[in-house]
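Engineer: Take this structure first; my questions come after.
The values are calculated or read from the model by the stated rules, or taken from the named source; none is laboratory data. These figures come from a predicted structure and were not determined experimentally. Backbone-built Cβ (ideal geometry, glycine too); neighbour counts: all protein chains shown.
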Amino acid sequence: MNEPALTIKNLEKTYASGTQALKGVSLEVPSGDFFALLGPNGAGKTTLIGIVTGLVTKTAGSVSVHGIDIEKEPEWTRALIGLCGQEINFDPWMKPLDVVVNQAGYYGIPRSVAIPRAKKILGDLGLGDKMDQIGFRLSGGMKRRLMIARALIHEPKFLILDEPTAGVDVELRRSMWDYLTALTKQGITILLTTHYLEEAERLASHVAIINKGEIILAGSMEEVLKTHEGGTSGYGGGKLEDIFVKLTSEQT
Ligand SMILES: Nc1ncnc2c1ncn2[C@@H]1O[C@H](COP(=O)(O)OP(=O)(O)OP(=O)(O)O)[C@@H](O)[C@H]1O
Ligand SMILES: [Mg+2]
């Protein structure tokens, strides 16, 4: 029951191009946690998520989701996970309701169950009046929310979001963070990446900072913030931002 939602050990990924995207990453996401995976562009976040969700093959190391090895039981672990990827990747000609209901089909959920469930999730995400209009007419922020709705349709225990708030305005970002926080209160574990460090500081309970394929700092938000002495640098971001900038610029 108290197995971590995610256990990663010595994970390595070298792409065919020779790029070493992950250089021995170990990480644990406690069950029920709100976990922020932070790192500059190209640090390896999406690669890590790709491996956990079965989209990218690892070079070495091991990954377990709720104690289940992703290689031994890939279908099982995939069913436990909901993924909201970094790229908008639904068919723009489809209606939001169909995008979500079709996804349910991949998990064997009958349409009679999927349709009311999809309507409820879309409504909760503020897309109730958009679900029957063609996808490409949605705004950028609405597209992101549709991706979240699609990720939730099979009621995953573990939701992974790769920059869900990228390009989303401040008010909507706040409502998305509230929505995600409410999900963790229902027992869903969340792992997300974001470049909004101040928001991560306020909302995540654990954090890991990855740089050039290596974890350079990880722990509870409290522990991580304690590594920083004194006040903030005056750039308007929080302490976490100062820690992030210091650590990621040190490693050249
Ligand atoms: N399919 C691929 N083939 C070759 N190299 C790749 C591939 N995908 C990613 N990379 C490389 O792996 C490294 C890590 O990329 P990744 O997308 O995991 O970073 P990221 O932390 O998600 O960055 P961002 O914040 O910009 O999304 C980069 O150097 C990138 O160019
Ligand atoms: Mg990425």
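Engineer: Under 15 Å from Met221 (Cα atoms) and away from ligand 1 (no atom under 16 Å from the Cβ): which single residue out of Arg173, Arg202 fits that description?
Structural biologist: Among Arg173, Arg202, only Arg202 is under 15 Å from Met221 (Cα atoms) and away from ligand 1 (no atom under 16 Å from the Cβ).
Engineer: Further question: Any idea which of Ile188, Ile153 is within 14 Å of Ile121 (Cβ to Cβ), more than 14 Å from the chain's Cα centre (by Cα) and among the β-branched types (Val, Ile, Thr)?
Structural biologist: After ruling out the rest, the residue left standing is Ile153.
Engineer: Which pairs have Cβ atoms under 7 Å, sit 6 or more apart or on different chains, and link a residue in region 2-23 that is farther than 17 Å from Val63 by Cβ to one that is within 16 Å of ligand 2 (Cβ to nearest atom)?
Structural biologist: Going by the 7 Å Cβ cut-off, the qualifying pairs are Tyr15/Ala21; Gln20/Gly213.
Engineer: May I pose another question? Only residues in region 32-61 that are farther than 16 Å from Ile216 by Cα and within 12 Å of ligand 2 (Cβ to nearest atom) count as the first member; pair them with residues that are part of a loop (DSSP other than H, G, I, E, B) and modelled with pLDDT under 95, Cβ under 7 angstrom, at least 6 apart or cross-chain, and list the lot.
Structural biologist: Going by the 7 Å Cβ cut-off, the qualifying pairs are Thr46/Gln86.
Engineer: Does region 62-75 contain at least one residue that is out of contact with any helix residue (DSSP H, G or I) (no Cβ under 9 Å at 6 or more places or on another chain) and within 16 Å of ligand 2 (Cβ to nearest atom)?
Structural biologist: no
Engineer: Still on this structure, please answer the following. Residues of region 127-162 being away from ligand 2 (no atom under 16 Å from the Cβ) and in contact with a Ser or Thr (Cβ under 8 Å, 6 or more places away or on another chain), which ones?
Structural biologist: Those that are away from ligand 2 (no atom under 16 Å from the Cβ) and in contact with a Ser or Thr (Cβ under 8 Å, 6 or more places away or on another chain): Lys157, Phe158, Leu159.
Engineer: Then there is this: Does Thr165 qualify as being within 16 Å of ligand 2 (Cβ to nearest atom), in contact with an Asp or Glu (Cβ under 9 Å, 6 or more places away or on another chain) and hydroxyl-bearing (Ser, Thr, Tyr)? Quick ask: steps written out before the conclusion?
Structural biologist: Values: within 16 Å of ligand 2 (Cβ to nearest atom): yes; in contact with an Asp or Glu (Cβ under 9 Å, 6 or more places away or on another chain): yes; hydroxyl-bearing (Ser, Thr, Tyr): yes.
It is true that Thr165 is within 16 Å of ligand 2 (Cβ to nearest atom), in contact with an Asp or Glu (Cβ under 9 Å, 6 or more places away or on another chain) and hydroxyl-bearing (Ser, Thr, Tyr).
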